[in-house]
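These notes concern the structure reproduced below.
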């Protein structure tokens, strides 16, 4: 049985819009043509994919599974076309990397320098991305590699650990803790802790909060209201503290103090990618920087 990518596009549109009328407008099709196409797809699959009622259209479990795989298939097809086009034009491969705010630009640069030692003409493009956008672009084939901390690999992607970075504590330079030589997790019991992801939905946030719980207290966490900025800047203008992977010392032009955390605790640095796509530079990156 062949796979018609156009019908899969139509299924995705109907499920996302929750309506044949809106999906037809989005796809520039008549509603009748779209409905007929979806019913044909359901006959080909052999099971219902959508539930239709007076309130709209929702994907059934089989439909959700097919949509999940369809998005991966589209990413594979797009990556294959771009690779063929690049090879046919004699163009050098560019490694497109996305990284979440929890991974600093300095950390990305250090990883790339390691690869430059083996690939002198390495071409890369690095983009800051929020976790949801990072995953979406990896599945879609817009990125070859994603760097993150604690993101669980979604359907179609795989994950490996590249490194483990020692955690430190960032505070504003005028914070009462800023004069300390070092801190222990228990010293944060009375502090409000800035995190980047929602507890229970972010593996990295949960790792940081669990570190506090193991120290014997329930942390007071607040999500950083300015997403996408360097981690050490999250404490500027506040009395909050933040876990960071920066080296102890001053940061942000002296406005932030980064304090050593004892005993040592570490945050993993993960790479996400689609194992079914081809990229020689990405594979070299993973070999050179593999844990």
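Things worth noting here:
- [x] 81, 79, 48; [y] 59, 41, 33; [z] 70, 52, 29, with the label sought being that of the calculated Cα extents along the principal axes in Å: [z]
- Theoretical ellipticity at 222 nm over the chain - DSSP helices of four or more residues, -39500 (n - 2.57) apiece, nearest 500: -12000 deg cm²/dmol
- Full extension of the segment from residue 83 to residue 222, taken as 0.36 nm per residue of separation minus the current Cα-Cα distance, would add 45.8 nm.
- Tilt relative to the chain, helix 105-116 - C-alpha long axis, 0 to 90 degrees, to 10: 70
- Summary value for the chain: 21 percent relative contact order, contacts being C-alpha pairs under 8 angstrom separated by 6+ residues.
- Shape category assigned to the stretch 168-264 from the gyration tensor of Cα positions, a/c cut at 1.5: oblate
- Tilt relative to the chain, helix 31-45 - C-alpha long axis, 0 to 90 degrees, to 10: 80
- The alpha carbon centroids of the stretch 230-254 and the stretch 186-226 are separated by 15 Å.
- Taking the number of Cβ atoms within 10 Å of each Cβ as an exposure proxy, the fewest-first ranking of 222, 103, 288 is 222, 288, 103.
- Taking the chain as a Gaussian network of alpha-carbon nodes connected by springs under 10 Å, the highest mean-square fluctuation of the residues 198, 40, 158 belongs to 40.
- For the stretch 5-71, the gyration tensor built on C-alpha atoms gives a rounded shape. Its axis ratio a/c (a ≥ b ≥ c) stays under 1.5.
- Axis of helix 61-89 versus longest Cα principal axis of the chain: the two differ by about 80°, to the nearest ten degrees.
- Of 235, 14, 244, the residue with the greatest mean-square motion in the GNM of the chain, using alpha carbon springs below 10 Å, is 14.
- Footprinting exposure proxy for 55, 205, 233 (fewest neighbouring C-beta atoms within 10 Å first): 55, 233, 205
- The stretch 1-151: C-alpha gyration tensor shape, a/c 1.5 cut-off, then a/b vs b/c: prolate
- The simple spin-label model puts a point 7 Å past each Cα toward its Cβ; for residue 130 and residue 283 those points are separated by 3.5 nm.
Coordinate-derived values only; no laboratory data. All figures in this text were calculated on a predicted structure; none of them were measured in a lab. All Cβ positions, glycine included, derive from the backbone under ideal geometry; neighbour counts span all protein chains shown.
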